[in-house]
Amino acid sequence: MTAVPTIRPAARRPGHAPAPPVSRRPRARSRTLTVVTGVMVIYTLLPLAWLAISATKNQEDLLGTFGLWFGGEFALLENIGQTFTYQDGIFGRWMLNTVLYVAVGAGGATLLAALAGYGLAKFDFPGRRGVFAVVLIGIACPSTALAVPTFLMFARMGLTDTPWAIIIPSLVSPFGLYLMWTYATEAVPNEILESARVDGAGEFRTFFTISLPLLAPGLVTVLLFNIVATWNNFFLPLIMLKDPDLFPLTLGLYSWNMQANTVGGDVVFDLVITGSLLTIVPLIVAFLLLQRYWQSGLAAGSVKQ
């Protein structure tokens with residue numbers, strides 16, 4: 001009888017582990033995440049693409065052609081010129097008003113959030129937990145719910161239909177305060193503060209010369225959030241302002257849109273679209289210029305060392 005040969009597995013080399021089996025699940029998950037990400041990118045950029053394409057059309061092409069393709073005439077430069085000259089150039093006034101509200105309101109809110117968050121993070125005092133609870137309530141409460149009480153209070157003080165009616169409420173940023181509080185807790189070591197105090201530096205000098213540079217990434221993050229919130233603020237100016245010379249861009253473009261929808265009104269949908277495109281350009285520029293500070297500010301404190 002012929003003996004059946006025995007097949008033995010190949011001998012493993014010492015120090016070499018067997019190759020792990022190739023799993024198809026990571027590849028499937030990667031493809032799913034790629035598809036989901038692509039859908040979200042399209043969903044995010046599609047309105048921006050429609051806005052940019054529509055701003056290149058004249059009034060006739062805007063209403064009579066497909067929204068995601070160009071019209072017969074490239075009228076972007078003409079639309080921009082008409083936007084800045086329509087109604088005696090009031091669009092430029094609206095842009096200056098918006099820049100003023102952002103510079104004073106968002107800038108002041110960022111500085112106050114940095115001061116308050118730093119103080120709450122580095123000083124222990126009675127009622128600190130109560131302040132934390134109030135800040136959380138302020139974050140949970142929507143700004144639209146406070147708009148009417150704010151209007152009634154400002155009306156009694158005679159501040160409605162003035163720039164202060166937009167600037168003063170913009171100075172309060174509970175979310176920015178909370179971000180600076182959590183960021184300052186880890187970003188500013190207590191040993192540095194103790195060394196500065198031993199050397200005789202006052203608290204304000206310590207904050208502005210030592211702590212503020214360490215808080216720069218978080219500060220830029222809060223600043224961007226406040227800039228976007230103030231730049232896109234609509235409901236508060238709607239109930240506070242009546243004088244068109246004080247309107248921000250959001251309320252001014254809304255008034256043009258309502259005028260175009262009114263019977264007998266001047267139809268300026270092309271100027272509304274072009275003005276909307278010009279409105280978002282400064283925000284895009286701000287995000288691109290401050291992107292690296294913003295990303296580092298969001299990631300700071302996420303890993304405990």
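Checked against (1) acidic (Asp, Glu); (2) on the phi < 0 side of the Ramachandran plot; (3) in contact with a helix residue (DSSP H, G or I) (Cβ under 8 Å, 6 or more places away or on another chain), Asp161 meets all criteria but (2). With the condition kept exactly as written, say whether any residue in region 228-250 is within 21 Å of the chain's Cα centre (by Cα) and among the hydroxyl-bearing types (Ser, Thr, Tyr). Yes; the residues of region 228-250 include at least one that is within 21 Å of the chain's Cα centre (by Cα) and among the hydroxyl-bearing types (Ser, Thr, Tyr). Looking at region 191-215 only, could you name the residues that are within 15 Å of Ala116 (Cα to Cα) and part of a helix (DSSP H, G or I)? If the condition is that a residue be within 15 Å of Ala116 (Cα to Cα) and part of a helix (DSSP H, G or I), then Glu203, Phe204, Thr206, Phe207, Phe208, Ser211, Leu212 are the ones that fit. Would you please name the residue that is modelled with the highest pLDDT, looking only at residues in region 263-305 that are among the β-branched types (Val, Ile, Thr) and either farther than 25 Å from Ala75 by Cα or in contact with a Pro (Cβ under 6 Å, 6 or more places away or on another chain) (or both)? Out of the qualifying residues, it is Val263.
Answer with yes or no whether Asp124 is modelled with pLDDT of 90 or more and either assigned to a loop (DSSP other than H, G, I, E, B) or surrounded by fewer than 11 Cβ atoms within 10 Å (Cβ to Cβ) (or both). No. Look at region 175-189: where a residue is touching a residue at least 60 places away in the same chain (Cβ under 8 Å) and a partner is hydrophobic (A, V, I, L, M, F, W, C) and outside any helix (DSSP H, G or I), sitting 6+ places away or on another chain with Cβ atoms under 9 Å, you get Met180/Leu215; Tyr183/Leu215; Tyr183/Ala300; Ala184/Leu215; Glu186/Ala300; Ala187/Leu215; Ala187/Ala300; Val188/Leu215. Of all residues in region 48-78, those satisfying the criterion of being modelled with pLDDT of 90 or more and in a helix (DSSP H, G or I) are Leu48, Ala49, Trp50, Leu51, Ala52, Ile53, Ser54, Leu76, Leu77, Glu78. The single residue among Thr98, Thr85 that is surrounded by 15 or more Cβ atoms within 10 Å (Cβ to Cβ) and hydroxyl-bearing (Ser, Thr, Tyr) turns out to be Thr98. Could you check, for region 46-57, whether at least one of its residues is exposed (fewer than 15 other Cβ atoms within 10 Å of the Cβ), farther than 30 Å from Leu212 by Cβ and among the charged types (D, E, K, R)? No, there is no match, as no residue in region 46-57 is exposed (fewer than 15 other Cβ atoms within 10 Å of the Cβ), farther than 30 Å from Leu212 by Cβ and among the charged types (D, E, K, R).
Once region 79-110 is narrowed to residues that are part of a helix (DSSP H, G or I) and of a type in the set (S, T, N, Q), the residue that is farthest from Leu46 (Cα to Cα) is Thr110.
Residues of region 238-278 being closer than 15 Å to Pro163 by Cβ and of a type in the set (Gly, Ala, Ser), which ones? Within region 238-278, just Gly252 meets the criteria. How many residues does region 236-281 hold that are outside any loop (DSSP other than H, G, I, E, B) and surrounded by 13 or more Cβ atoms within 10 Å (Cβ to Cβ)? Looking only at that region, the number is 30.
Considering region 151-190, and only residues there that are charged (D, E, K, R) and part of a helix (DSSP H, G or I), the residue that is farthest from Ala140 (Cα to Cα) turns out to be Arg156. Take the conditions (1) over 23 Å from Val99 (Cβ atoms); (2) surrounded by fewer than 20 Cβ atoms within 10 Å (Cβ to Cβ); Thr206 misses just one of them, which is (2). Regarding Ser173, is this residue within 21 Å of Asn233 (Cβ to Cβ), modelled with pLDDT of 85 or more and not aliphatic (A, V, I, L, M)? Yes, satisfied.
The values are calculated or read from the model by the stated rules, or taken from the named source; none is laboratory data. All values derive from a computational prediction rather than experimental measurement. FYI the Cβ positions are ideal-geometry reconstructions off the backbone, even for glycines, and counts take in every protein chain you see.
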